[in-house]
Amino acid sequence: MEQDRINELVDTINKASYAYHVLDSPMITDQEYDDYYNELLRLEQKFPLYKREDSPTNRVGGEAIDKFNKVIHQRPMLSFDDIFNEDEVIEFDERIRKVIPHPEYTIEPKMDGLSGSLIYEKGVFVRGATRGDGLVGEDITFNIKTIKTVPLRLTQDIDIEIRGEIYMSYASFEKANQERERNGEALFANPRNAAAGSVRQLDSKITAKRNLDFMAYFIPNPEEYGIKTQEETLRFLKDLGFVTNINLNQVASTTSEIVMYIDDLASKREKLPFAIDGVVIKVNSLLDEEKLGFTSRVPRWGIAYKFPAEEVLTTLIDIKFTVGRTGKITPNALFHPVHVAGSLVSKATLHNEDYCKQKDIRIGDTICIRKAGDVIPEVVGVKEERRTTTLVPFEMIQFCPMCGEELIKKEAHHYCVNEHCPARKIESLTHFVSRDAMYIEGFGERIVEDLYNMNYIKKVSDFYTLKKVKDELKELEGYGEKSIQNLLDGIEASKGNSLERLLFALGIRYIGKKTAKILAKKYKTMDNLLSTTYEELLSIDDIGEIMADSIMNFIQNSDNLTLIHELKGYGVEMVYKGIDTRNNIYIENKIFVLTGSLEKFSREDASKIIEENGGKTSSSVTGKTSVVVVGANPGSKYKKALELGIEIWTEDEFLEKVKSE
Ligand code: IVH
């Protein structure tokens with residue numbers, strides 16, 4: 001009786017979900033859906049034995065796993081060779097014609113996500129895997145189950161492997177990034193990265209929230225299902241219950257048709273709800289495909305045409321000059337916001353005067369933007385033919401936009417050499433507290449700028465005197481008591497930083513993070529470094545004349561010595577500690593529970609590391625627990641953590657998170 005009802009509910013919900021997510025035409029209301037779903041959930045909890053493998057309740061994500069198991073693909077998961085222009089399309093066609101005199105092709109959008117393999121047994125989804133190296137992938141079954149456009153049961157009870165693309169629609173991508181922005185997390189650069197990051201989550205509950213999609217395009221052994229062409233493959237996949245690109249693909253028999261298709265798709269690209277990065281051209285007849293066969297690496301019967309990096313036109317509104325910590329002046333293009341390669345951009349660096357002059361870039365111009373390496377926006381060029389009115393040619397500024405000091409040109413760049421320039425000061429102060437430097441949490445550029453303008457901080461040692469004016473700070477608009485206390489706590493904690501952080505934070509010219517670490521390791525204390533010599537510095541591997549000069553200049557400058565003296569007076573430790581014991585954002589202020597038998601470290605060591613990093617350990621899992629670290633054979637604490645949805649780490653993940661660079 002109950003089993004019948006469970007079966008009925010599973011079938012109804014799966015059908016409704018297919019209608020909603022795949023066909024885009026809902027057949028029941030949200031309320032009805034929720035009612036069915038909740039009824040099913042209740043029945044399954046009461047009668048777990050009747051719970052079906054293809055139950056929609058499996059889509060919310062299951063228990064977190066500690067690593068991905070390997071999956072050996074039954075047939076290698078290959079990809080096509082890439083081509084980039086029309087000539088190469090013609091060459092491809094010529095190669096095909098040598099074997100198949102009158103070929104017919106199917107042409108389809110090339111989805112920009114990552115390929116996945118889905119295994120169905122008797123029509124039920126049983127396993128999902130990434131491509132990996134083509135021979136061995138990773139088992140991502142639980143994550144795949146959360147994808148609404150992956151049918152958990154096919155319309156036919158067959159054993160079959162389906163391949164296709166796991167991707168994130170633009171809409172879900174924007175949503176995911178909005179959430180990340182709210183949480184202060186780094187944004188995904190594009191939908192492909194977002195999809196890849198989401199599908200490789202050890203906790204499928206996270207994947208479930210990301211709203212991934214799947215588009216099916218390939219069956220490795222179509223002949224076994226009586227399929228004769230690629231076109232039929234797509235129809236077959238659609239009939240099985242998958243999203244396909246059937247409404248976007250086309251059959252062609254000449255290269256000019258192919259090129260027309262490419263141009264047409266390129267023009268539609270921006271309006272599609274998902275990212276594509278080219279066109280896949282396949283020989284339509286499977287018999288012909290068989291005749292063409294494979295090279296040692298790739299099929300001969302298909303090719304992937306990749307679009308050139310996406311370029312978008314917009315209008316240059318302004319060129320704004322910024323002053324860096326070293327005084328370097330950078331012109332920046334500010335333009336009407338445009339979507340490029342998956343995200344909204346509104347500014348790009350123009351590097352220097354020469355760059356602007358070479359491009360003859362003028363405010364009001366129509367400019368062409370693309371993303372270098374699909375991540376950083378850049379100005380490709382100017383559409384001069386679109387200039388309708390006279391625009392003023394670019395002129396490099398001669399005076400610092402912040403302090404008015406006359407700029408000096410050194411090689412390609414202009415510099416403000418005024419040591420007291422407020423822009424330089426604010427940049428240096430912001431650098432001092434930044435994540436790779438002293439990492440005083442809560443300080444962004446805006447707060448530093450405010451405190452600078454209000455005369456609270458003029459030099460880096462002033463951070464350590466802020467506690468004296470705590471009461472005044474609390475009264476400032478926009479800063480509550482709690483946020484001020486957090487800042488002050490962060491400042492206090494930074495005193496115990498290992499020496500390399502301070503060396504990097506001081507902004508010594510040419511001394512980056514890596515060199516700071518080398519120096520800290522070698523000299524152990526600031527005092528030792530202050531009494532070094534030019535020769536000794538040069539004798540260190542990785543330190544050349546320019547760096548040695550810069551360090552000597554720094555340590556011989558009396559202002560710098562005073563500053564270091566002051567910092568020391570405020571309690572900044574200035575010794576090398578071997579490991580980065582603080583500011584581990586994964587540990588600080590969090591409550592940990594260790595459970596199961598730990599094999600990679602002892603409980604005592606783990607507790608010590610947690611404490612040193614500003615976290616706490618506790619013996620029981622409650623709503624306040626931040627992370628549960630699980631070893632082998634975990635028991636009830638692990639279960640409780642799952643129930644409460646608490647973050648779970650394996651021993652390896654713990655080590656990864658506490659590891660110093
Ligand atoms: S068919 C033998 N069709 O692009 C490979 N692939 O090299 C058969 N891709 O990594 C793949 N859209 O994951 C095919 N409509 C499409 C595709 C597509 C994207 C991916 C595929 C592979 C690469 C092609």
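Nothing in this text is a laboratory measurement; each read-out follows from the coordinates by a stated rule. Small disclaimer: the values here were computed from a predicted structure and weren't measured. Quick reminder, even Gly has a Cβ in these numbers, built from the backbone with ideal geometry, and neighbours come from all protein chains shown.
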Taking a straight Cα-to-Cα line shorter than 20 Å from K637, and setting aside same-chain lysines fewer than 8 residues away, one finds K67, K205, K590, K600, K616, K624
Under 5 Å between amide hydrogens, which residues at least 5 positions from K577 or on another chain qualify, with H placed 1.01 Å from N in the peptide plane?
L499, E500
Report the one residue of L43, M438, L212 whose Cα lies farthest in the direction of the positive end of the charge dipole of the chain (charges on C-beta: Lys and Arg +1, Asp and Glu -1; origin at the Cα centre).
M438
Just how large is the dipole of region 140-282 about the Cα centre, in debye to the nearest 20, putting +1 at every Lys and Arg Cβ and -1 at every Asp and Glu Cβ?
560 debye
Classify region 81-153 as rounded, prolate or oblate, taking a ≥ b ≥ c as the square roots of the eigenvalues of its Cα gyration tensor: rounded when a/c is under 1.5, otherwise prolate if a/b is larger than b/c and oblate if not.
prolate
May I ask you to derive the relative contact order of the chain, considering only C-alpha pairs under 8 Å and at least 6 residues apart, and to give it as an integer percent?
9 percent
Explain nothing, just the number: dipole magnitude of region 516-661 about its Cα centre with +1 on each Lys and Arg Cβ and -1 on each Asp and Glu Cβ, in debye rounded to the nearest 20.
940 debye
Taking the Cα centre of each part, how many Å lie between region 197-269 and region 416-484?
53 Å
Of I262, N332, V280, which is farthest along the charge dipole of region 251-351 in the positive direction, counting Lys and Arg as +1 and Asp and Glu as -1 at C-beta?
N332
Could you give each residue of region 16-22 its phi-based ³J(HN,Hα) in whole Hz, using Karplus coefficients 6.51, -1.76, 1.60 with θ = phi - 60°, and x for Gly or Pro?
5, 5, 4, 4, 6, 8, 8
With +1 on each Lys and Arg Cβ and -1 on each Asp and Glu Cβ, and nothing else charged, work out how big the dipole of region 387-512 is about its Cα centre, in Debye to the nearest 20.
260 debye
The helix 30-46 Cα axis meets the longest alpha-carbon principal axis of the chain at an angle in degrees, between 0 and 90 and rounded to 10, of 90 degrees
Among the lysines, which have Cα under 19 Å from the Cα of K209 when same-chain residues fewer than 8 positions away are ignored?
K145, K148, K175
Rounded to the nearest 10 degrees, the helix 170-182 long axis (Cα) sits at an angle to the longest Cα principal axis of the chain of 30 degrees
If each DSSP helix of 4+ residues adds -39,500 (n - 2.57) and the sum is divided by the residues in the chain, what number results at 222 nm, nearest 500 deg cm²/dmol?
-11000 deg cm²/dmol
Acute angle (nearest 10 degrees) that the helix 255-268 long axis makes with the longest principal axis of the chain, alpha-carbon atoms:
50 degrees
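In terms of the Cα gyration tensor, with a ≥ b ≥ c the square roots of its eigenvalues, is region 384-478 rounded because a/c is under 1.5, prolate because a/b exceeds b/c, or oblate?
On the way: a/c = 2.61, a/b = 2.10, b/c = 1.24.
Here region 384-478 falls in the prolate category.
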Cα centroid separation, region 62-91 to region 98-174 (Å):
10 Å
Considering only Q74, L118, S620, whose Cα is most displaced toward the positive end of the charge dipole of the chain, charges sitting on Cβ of Lys, Arg (+1) and Asp, Glu (-1)?
S620
Can you classify region 37-108 as rounded, prolate or oblate using the Cα gyration tensor, where a ≥ b ≥ c are the square roots of its eigenvalues, rounded means a/c under 1.5, and otherwise it's prolate if a/b beats b/c and oblate if not?
prolate
Quick test of your reading: applying the under-4.7 Å Cβ rule, which cysteines of the chain are isolated?
C356, C368
Can you pick out the pairs among K15/K70; K347/K517; K320/K410; K495/K608; K458/K514 whose Cα atoms lie more than 23 Å from each other?
K15/K70; K347/K517; K458/K514
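Contact order normalised by length for region 166-207, with contacts defined as Cα pairs under 8 Å and 6 or more residues apart; what percent is it?
Relative contact order comes out at 40 percent.
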Under 8 Å for C-alpha pairs, at least 6 residues apart: give me the relative contact order for region 274-365, rounded to a whole percent.
22 percent
